[in-house]
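Read through the structure below, which is laid out as structure tokens, and then see the notes.
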Amino acid sequence: MEPNSKILLESGTNELEIVEFRIDEMDAKGNVIPCYFGVNVAKVREIIRLPEIRRVVNANASVSGMIKLRDQVITLIDLSRALNKNTEGIPADRVIVLEFNRIVVGIQVHSVSRIYRISWENVEPPVKAIHDANITGVVKMEDRIILILDFEKIIGELSSTMALAAPGEDLMLAHSTANRGAKTILVADDSAFIRRTMCGSLREAGYRVVEAENGEEAWEHVQAVREKCKASGEPFSNQLSLVITDIEMPRMDGLHLTALIRKEADLEYLPVVIFSSLASEDNKMKWRNLGASDILTKPDLPNLVQKADTLVL
């Protein structure tokens, strides 16, 4: 599992591996309805049977308690409760241990099936019929649909210590809004929760911001700006000064987007910042070799405006 995920995180091949698992629910007649979900293998540390749970007083209803994983005690999340599923009588005896954004957390699920390697082109954005902000992608298999969950949002909303922080006032005033107002930043992230946080901070600081829900949409915008500037003779940087991109996105991931940008000679000086929960020191080095100007993780978000200032002002 680990070697393949490392290859995919450095190659820019626009592929990912997902672990498929189930959170089943009961319908009004008492029938079990299977529901299939997925998580990027790169976030998965291990999969274990449910160990002894130590209850936590006054915890969120979605927190089952704490479990001991060798020498580490971690929080255990009952995913069925977090997703508001009616699962009465269905045992959730498997735990997927996730590690991202410098945190380790256990996710209690009903079953884990297998790993699939797929192209991000086959991961579609959620259709309008799926009104669930916790879902960032849809994978259509032959006999079922696998929903990709936004674990950053789910876990962030359960704990204030994991929540996204906004820049401080002193940081926002380090440069005048007039200077920032002449610069446009493209933010690509499939999570509306995270995209709203980043774009809100940048706009509040005075930047012009364009949003994209995935890498494909972001690349189309970059190409449109290129064509416009070629036709008018205007410098590209006047229309687009910085790209901030997530990695895990439907249609096209952020690594492939970065690689496409770096292949174009006229985009050589366009800064590209990768924002990802998977930013280990090893991955950061690989992403910089791929062409990333800098890397941000969720704990770095209070420095988002400062980072943009450094790259474009």
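The table below gives the values:
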read-out: Tabulated pairs, region 81-107, first under 14 Å from E46 (Cα atoms), second outside any strand (DSSP E or B) and of a type in the set (S, T, N, Q), C-beta under 6 angstrom, 6+ apart or interchain; value: F100/S277
read-out: Answer from L278, L313 - the residue that is surrounded by fewer than 17 Cβ atoms within 10 Å (Cβ to Cβ) and in contact with a helix residue (DSSP H, G or I) (Cβ under 6 Å, 6 or more places away or on another chain); value: L313
read-out: Test: residue in region 268-277 that is part of a helix (DSSP H, G or I) and within 25 Å of V139 (Cβ to Cβ); value: no
read-out: Filter result for L257 (crowded, with 21+ Cβ neighbours inside 10 Å, in the same structural domain as P299 (by TED's automatic domain parsing) and either of a type in the set (G, A, S) or outside any loop (DSSP other than H, G, I, E, B) (or both)); value: yes
read-out: Selection within region 278-297 - assigned to a loop (DSSP other than H, G, I, E, B) and either farther than 29 Å from E234 by Cα or not assigned by TED's automatic domain parsing to the domain that holds N214 (or both); value: L278, A279, S280, T297
read-out: Test: residue in region 246-253 that is outside the structural domain of L16 (by TED's automatic domain parsing) and farther than 19 Å from E15 by Cα; value: no
read-out: Search result, residues across region 77-128 that are surrounded by fewer than 19 Cβ atoms within 10 Å (Cβ to Cβ), at pLDDT below 90 and touching a helix residue (DSSP H, G or I) at 6+ places or on another chain (Cβ under 7 Å); value: R102, I103
read-out: Hits in region 17-76 (condition: charged (D, E, K, R), within 25 Å of the chain's Cα centre (by Cα) and in a strand (DSSP E or B)); value: E17, E20, R22, R45, E46
read-out: Residue in region 177-191 that is of a type in the set (D, E) and at pLDDT 70 or above present; value: yes
read-out: Every residue from region 262-275 that is surrounded by fewer than 19 Cβ atoms within 10 Å (Cβ to Cβ) and without any contact (Cβ under 8 Å) to a residue 40 or more places away in the chain; value: R262, K263, E264, A265, E268, Y269
read-out: Failed item in (1) out of contact with any strand residue (DSSP E or B) (no Cβ under 7 Å at 6 or more places or on another chain); (2) at pLDDT below 95, with W219 passing the rest; value: (2)
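The values are calculated or read from the model by the stated rules, or taken from the named source; none is laboratory data. This is a predicted model, so every value here is computed, not measured. Quick reminder, even Gly has a Cβ in these numbers, built from the backbone with ideal geometry, and neighbours come from all protein chains shown.
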